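Here is the structure we will look at.
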Amino acid sequence: IYKLKLPLLILLVLLNSCSKSSNLGVETIPVDYSTSKFFNKVKIKSISFQPLTRYDTVSSNDLSQANQILIEELTKLHYFNPNDNKIVSDQVFSSSLPSLIQSAQNFAVTNGVDATLTGIITESKISSDRVNVRFELYLVSSNPEITEPLWVAIFDNESKSLTSNLINSNYKSASKNSMSFKSTQEIIHGGLLGAIDSLEEALATRVQMKRK
């Protein structure tokens, strides 16, 4: 058996990874979530979407993509009607979290819905050997007496480059785990898909509990 040199080895794994990703599309990245004590008590039959804000270190392109993905995914849920949703322009996060929650609550009241989904992209950074993405999503009730989010999802992901992984592991483990270098857009997309899956799961569990 001949030993492959590292550059050739990297090329072979890259080609293998590209062929797989082109067929499978965007990979959904699971996202953990938590719910408040009010989640199962308040009415949630309609949801509006207040576009995400961003830290000033996050690009406006990444933010725009994230908002578009969320609108597309929320439209698949019967809770959300895009025609009733007032869209606001790109915003850089410059206030406190309580202010964001209050803004989302006002947004829900303005749109005449039970709750609003909003959030912040706090990090979207790419360097020579890794990509870091972090965002937080909040489902906020329109009820002014409820000052905490009904549902929270926090996504924190780091993707290392293929070269970095190969240097720190052998070929077998690298190829087995498909350690390709994802872009910020791919990670944001995958994370948001996972977050909406989590929200859908939480809402479905809520419905089942109310039926018992």
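A short reminder: the numbers here are calculations on the coordinates, not readings from a lab. Computed from a prediction, not measured in an experiment: that's the story for all the values here. Because the Cβ atoms are built from the backbone with ideal geometry, glycine has one as well, and the counts that use them run over all protein chains shown.
Details
- Modelled spin-label separation between E200 and F38, with each label point placed 7 Å from Cα along the Cα-to-Cβ direction: 2.7 nm.
- The length gained by stretching the chain between K76 and S64 to full extension, at 0.36 nm per residue less their Cα-Cα distance, is 2.4 nm.
- With the convex hull of its Cα atoms as the shape, the stretch 41-155 has an orientation-averaged projected area of 7.3 nm².
- Fraction of C-alpha pairs exceeding 19 angstrom in the stretch 104-164: 47 percent, rounded to a whole number.
- Electrostatic tally near G190: other residues with Cβ closer than 10 Å to its Cβ, Lys and Arg +1, Asp and Glu -1, net -1.
- Full extension of the chain segment joining K125 with E145 gains 3.5 nm, where the gain is 0.36 nm per residue of separation less the Cα-Cα distance.
- Within the stretch 64-85: backbone nitrogen closer than 15 Å to the T110 label point (7 Å, Cα to C-beta): 84-85
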